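S.K.: Dumping the structure here so I can ask a few things about it.
The values are calculated or read from the model by the stated rules, or taken from the named source; none is laboratory data. Keep in mind that what you see is a predicted model, and the values were worked out from it rather than measured. Note that we place each Cβ from the backbone using ideal geometry, even for glycine, and neighbour counts take in every protein chain shown. In case anyone asks, the SASA skips ligands and DNA or RNA and just uses the protein heavy atoms, side chains included. Shrake-Rupley method; radii C 1.70, N 1.55, O 1.52, S 1.80 Å.
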Amino acid sequence: MDQKVSALLNEQINKELYSAYLYLDMANFYDAKGLDGFANWYEIQAKEEQDHAMLMYRYLHNNGESVTLEAIAKPDKEFKTLMDPLTAAHAHEQYVTGLINTIYAAAQEVHDYRTVQFLDWFVKEQGEEEKNSSDMITKMELFGGDAKALYMLNSELAGRVYSAPSLQL
Ligand code: FEO
């Protein structure tokens, strides 16, 4: 594999694990507020990010590349309002989309179509992630100001269940 593409994928493992840690911190924030549904949503989001990291880890190994695990940064976002994690999550997903696009472009440049195909799943996934994070903001804008509606929203989010990624390697 092209060494630049391999290095970018290796870095992305770390970014996905950081994403997991960031979402766990969001769950942590909502758990402390007593909003167990919001906490559940982000706990599952954290699991999905670990899955993303593992897909890249497995892909590199399947292609004979070595993997280096670097330190995972401390989540550094400060949350004050119930909306803060939601806007931070949306901005973070937009950032991750940019990272995926960069790896995609690097793979295309060296005609590494296997990696391009592997990344197609992530391109689609980012579309879903951005829609979800944007919807969360809309819901909070609509219902966050009313205690009963917030209770209902929290109950809805408590119903989210984890499912393993659809991508098979
Ligand atoms: Fe791994 Fe939320 O993107």
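S.K.: In the stretch 32-111, what percent of the accessible surface is made up of carbon and sulfur (1.4 Å probe, ligands and nucleic acids excluded)?
M.R.: Roughly 51 percent of what the probe reaches on the stretch 32-111 is carbon or sulfur.
S.K.: While we're here: Determine the alpha carbon to alpha carbon distance for each of K15/K74; K15/K77; K33/K148; K74/K131; K4/K77 and list only those over 18 Å. Display every interim value, and only then the final one.
M.R.: Working: K15/K74 12 Å; K15/K77 15 Å; K33/K148 16 Å; K74/K131 26 Å; K4/K77 30 Å.
Long pairs (Cα-Cα over 18 Å): K74/K131; K4/K77.
S.K.: Related question: Which value, in debye to the nearest 20, describes the size of the charge dipole of the stretch 1-96 about its Cα centre when Lys and Arg Cβ atoms bear +1, Asp and Glu Cβ atoms bear -1, and nothing else is charged? Don't skip to the end; give the middle numbers.
M.R.: On the way: 8 positive and 16 negative charges, 14 e Å.
Computed charge dipole of the stretch 1-96: roughly 60 debye.
S.K.: Now, a different point. In what sequence, highest mean first, do 109-116, 64-71 appear when ranked by Cβ atoms within 10 angstrom?
M.R.: Final packing ranking: 109-116, 64-71.
S.K.: Next question. How far apart, in nm, are two points set 7 Å out from the Cα along the Cα-to-Cβ line at S66 and at Y95?
M.R.: 3.0
S.K.: Quick check on the chain: take the gyration tensor over C-alpha atoms, sort the square-rooted eigenvalues as a ≥ b ≥ c, and tell me if it's rounded (a/c under 1.5), prolate or oblate.
M.R.: On the way: a/c = 2.38, a/b = 2.17, b/c = 1.10.
Note, shape of the chain comes out prolate.
S.K.: Specify the inter-centroid distance of the stretch 97-161 and the stretch 62-81, based on alpha-carbon positions, in whole Å.
M.R.: For the stretch 97-161 versus the stretch 62-81, the Cα centre distance is 18 Å.
S.K.: Please identify the DSSP H helices in the chain that span no less than 27 Å along the helix axis (Cα) and have a mean Kyte-Doolittle hydropathy of -0.5 or more. All intermediate terms of the calculation are to be shown ahead of the outcome.
M.R.: Numbers: long enough: 3-33 (45 Å, -0.34); 36-62 (38 Å, -1.01); 84-109 (38 Å, -0.10); 113-143 (45 Å, -0.78).
What comes out of the filter, once short or polar helices are dropped, is 3-33, 84-109.
S.K.: Enumerate the aspartates and glutamates that K47 could reach by cross-link, defined here as Cα to Cα under 14 Å, with residues fewer than 8 away along the same chain left out.
M.R.: Those aspartates and glutamates meeting the cut-off are E16, D25, E129.
S.K.: Which value, in Å², gives the accessible area per residue of the stretch 1-54 when a 1.4 Å probe is used on the protein heavy atoms?
M.R.: Numbers: 2180 Å² over 54 residues.
Normalised by residue count, the accessible surface of the stretch 1-54 is 40 Å².
S.K.: Sorted by mean Cβ packing within 10 Å, highest first, what order do the peptides 6-17, 28-39 take?
M.R.: Highest mean packing first, the order is 6-17, 28-39.
S.K.: Once Rh is set to the Kirkwood radius over Cα pairs, what Stokes-Einstein translational diffusion coefficient, in µm²/s, holds for the stretch 113-169 at a temperature of 10 °C and a viscosity of 1.306 mPa s?
M.R.: Answer from the Stokes-Einstein relation: 116 µm²/s.
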